[in-house]
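Quick notes on the structure that follows.
The values are calculated or read from the model by the stated rules, or taken from the named source; none is laboratory data. Bear in mind that the values here come from a model prediction, so they are computed numbers and not experimental data. When we count neighbours, we look across all protein chains shown, and the Cβ atoms used for this are built from the backbone with ideal geometry, even at glycine. Just so you know, the surface numbers come from the protein's heavy atoms only, side chains and all, with ligands and any DNA or RNA stripped out. Shrake-Rupley method; radii C 1.70, N 1.55, O 1.52, S 1.80 Å.
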Amino acid sequence: MEIQEQQAIRTTLQVPVRARWIIDIDHEEEIGEAIAFARSHNVPWLVLGEGSNVLFRGAGVLPVAILHLRMQTIRVLADGVQPLVQVAAGYRWHQFVEWTVAAGLWGIENLALIPGNVGAAPVQNIGAYGVELQDVLWSVRAYDTVAEQMVELTPEDCQFGYRNSVFKQHPDRWIITEITVQLSRSPKPQLQYPDLAALRERSSLTPREVMETIIRIRRRKLPDPQRLPNAGSFFKNPVLPRSRWEQLRQKFPSMPGYPLPSGQVKIPAAWLIETCGWKGRRIGNAGISPNHAAIVVNYGVASGDEIVSLVERIQDSVFRTFGILLEPEVRIL
Ligand SMILES: Cc1cc2nc3c(=O)[nH]c(=O)nc-3n(C[C@H](O)[C@H](O)[C@H](O)COP(=O)(O)OP(=O)(O)OC[C@H]3O[C@@H](n4cnc5c(N)ncnc54)[C@H](O)[C@@H]3O)c2cc1C
């Protein structure tokens with residue numbers, strides 16, 4: 001375990017804040033010690049991966065102990081047609097996707113290029129192009145800061161939903177150290193998304209070919225946080241009862257909606273924001289991407305508070321136009 005004082009907190013929105021303490025953890029046995037350290041200094045702890053789904057308000061040195069998990073192992077627990085693969089929290093998610101594809105395994109190729117670490121993946125049940133982590137998740141290993149011991153959680157314990165889980169509902173209770181996923185050696189392409197239609201014509205396909213297509217699409221559509229700091233889609237796509245969506249469609253006939261198995265309808269947040277005229281707009285150092293209306297970007301040295309004030313203006317304008325409250329996907333701290 002390594003403890004540093006007053007270091008910059010790295011996030012993909014690149015707001016300039018520092019943490020009172022940053023604690024690097026290399027073994028799960030060190031987690032209890034790190035929590036005890038934070039408690040003894042009367043500061044809250046917060047585990048962070050790459051900071052691609054968080055926004056810090058405030059300025060200067062924040063009274064917090066940031067925990068970084070650096071464990072990076074991968075183990076095949078049970079081989080066969082549907083192998084179980086266990087991967088540590090500190091592994092980069094996209095590198096893990098590449099590892100599975102190199103092993104010829106199907107399951108998470110559609111989740112390529114999502115920034116962040118493996119440990120954060122269950123927190124919002126990451127999803128893209130018709131696949132969510134919950135489709136392959138077998139178990140989660142975590143340190144329970146209430147029971148003060150390591151625990152194993154089943155998918156049912158995780159209470160997954162759309163960009164949601166028990167970890168999002170009870171932030172900072174569990175520190176995830178490993179996940180186990182069940183993948184497949186037999187082809188299981190998930191190509192229902194319109195962007196993937198061309199691949200449906202193919203008589204044979206490998207997980208690598210699907211991954212490479214997803215990478216090309218994402219590179220075209222999403223701003224690279226290294227060049228234009230952002231946290232991906234800032235808002236969740238709102239989910240409405242079908243009757244409410246039909247009512248809105250009478251007033252806004254071009255409003256898109258994707259029916260869900262629950263009978264509800266998912267509306268793209270980007271469409272709502274763009275219709276309210278926000279796409280490409282900039283206020284001071286914060287703005288909305290000119291290419292994707294749900295992506296909030298930091299053009300320079302915007303503070304967290306500046307970004308939050310833009311986010312609130314967008315929420316207000318969408319609410320006044322459609323009566324829909326946009327919920328942030330990003331955790332604001
Ligand atoms: C350009 C871009 C594109 C994106 N595209 C997608 C997408 O397609 N689909 C999608 O679902 N998301 C997407 N995201 C969001 C983000 O990549 C994911 O939410 C990712 O899982 C966050 O990982 P992280 O390591 O950066 O987490 P962080 O931002 O560091 O943390 C996020 C939350 O998880 C908690 N956390 C982190 N690690 C742990 C742990 N080990 N144990 C317990 N809690 C933990 C943190 O406390 C925090 O509450 C995108 C983001 C960007 C910038």
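Taking the charge dipole of segment 230-332 about its Cα centre, with +1 at Lys and Arg Cβ atoms and -1 at Asp and Glu Cβ atoms, the residue from 296, 280, 267 reaching farthest to the positive side is 267.
Applying 1/(1 + (r/R0)^6) with r as the Cβ-Cβ distance of residue 24 and residue 73 and R0 = 22 angstrom yields a FRET efficiency of 0.85.
For segment 230-332, the relative contact order is 31 percent, taking Cα pairs closer than 8 Å that sit 6 or more residues apart in sequence and dividing their mean separation by the residue count. Kirkwood analysis of segment 2-69, using all unique Cα-Cα pairs, places the hydrodynamic radius at 12.1 Å. Take every DSSP beta bridge whose two residues both sit in the chain; close to 75 percent of them are antiparallel. Note on the chain: with charges restricted to the Cβ of Lys and Arg (+1) and Asp and Glu (-1), its dipole about the Cα centre is near 1600 debye.
Among 325-332, 248-255, sorting by the average number of other beta carbon atoms lying within 10 angstrom of each residue, highest first, gives 325-332, 248-255.
Cross-link reach is defined here as a Cα-Cα straight distance under 30 Å, omitting same-chain residues fewer than 8 places apart; for residue 188 the lysines meeting it are 168, 221, 236, 266. Loop-located trypsin sites (Lys or Arg not before Pro) in segment 137-174 (DSSP state not H, G, I, E or B) with no more than 15 neighbouring Cβ atoms inside 10 Å: 173. Along the charge dipole of the chain, pointing to its positive end and built from +1/-1 on Cβ of Lys, Arg, Asp and Glu, which listed residue (159, 247, 129) has its Cα farthest out? Checking the options against the dipole of the chain, the answer is 247.
Stretched out straight at 0.36 nm per residue, the stretch from residue 151 to residue 252 would grow longer than its current Cα-Cα span by 31.5 nm. For segment 129-165, applying the loop criterion from DSSP together with a ceiling of 13 other beta carbons within 10 Å to the GluC sites (Glu not before Pro) yields 148. Of all DSSP beta bridges confined to segment 23-140, the antiparallel ones make up roughly 55%. Each DSSP beta bridge with both residues in segment 2-69 is either parallel or antiparallel, and the antiparallel ones are about 35%. Relative contact order, whole percent, for the chain stands at 17, derived from Cα pairs under 8 Å and 6 or more residues apart.
Largest GNM mean-square fluctuation among 121, 147, 231, using the chain with Cα springs under 10 Å: 147. Neighbours of residue 206 by Cβ distance under 11 Å: Lys/Arg scored +1, Asp/Glu scored -1, total -1.
What is the dipole size for segment 1-106, taken about its Cα centre, with +1 at each Lys and Arg Cβ and -1 at each Asp and Glu Cβ, in debye to the nearest 20?
460 debye
With a 1.4 Å probe and every protein chain kept in, tell me what percent of the accessible surface of segment 2-69 is carbon plus sulfur. The nonpolar share, carbon plus sulfur, comes to 49 percent. Estimated at the nearest 10 Å², the accessible area of residue 40 is 80 Å² with a 1.4 Å probe. Backbone N atoms of segment 45-85 closer than 16 Å to the 7 Å Cα→Cβ label point of residue 10 belong to residues 47-54, 66-72.
By definition, a body whose alpha carbon gyration tensor gives a ≥ b ≥ c is oblate when a/c is 1.5 or more and a/b is not larger than b/c, and the chain fits this oblate description.
Proximity of backbone amide H atoms, modeled 1.01 Å from N, is registered between residue 150 and 144 at under 5 Å, excluding neighbours fewer than 5 places apart on the same chain. Count the net charge of all other residues whose Cβ sits under 15 Å from the Cβ of residue 146, scoring Lys and Arg as +1 and Asp and Glu as -1. Once all neighbours under 15 Å are counted, the net charge is -2.
A 1.4 Å probe run over the protein chains yields, for the chain, 47 Å² of accessible area per residue, whole-number rounding.
Accessible surface ranking for 158, 276, 1.4 angstrom probe, highest first: 276, 158. May I ask you to derive the FRET efficiency for residue 1 and residue 332 from their Cβ-Cβ distance with R0 = 22 Å, giving the value to the nearest 0.05? So, using R0 = 22 Å, E works out to roughly 0.20. For segment 114-233, with all protein chains in place and a probe radius of 1.4 Å, 47% of the accessible heavy-atom surface sits on carbon or sulfur.
Segment 118-147 and segment 199-272 have Cα centres lying 20 Å from one another.
Each label point was placed 7 Å from the Cα along the Cα-to-Cβ direction; for residue 102 and residue 242 their separation is 4.7 nm.
The Cβ shell under 15 Å around residue 38 holds other residues with a net charge of -4, Lys and Arg each +1, Asp and Glu each -1. Of the listed residues 292, 41, the order by accessible area with a 1.4 Å probe, largest first, is 41, 292. Potential lengthening of the chain between residue 312 and residue 185 amounts to 41.1 nm, from the contour at 0.36 nm per residue minus the alpha-carbon distance. Each of 174, 238, 9 was scored by the projection of its Cα onto the charge dipole of the chain, and the greatest displacement toward the positive side belongs to 238; charges sit on the C-beta of Lys, Arg, Asp and Glu.
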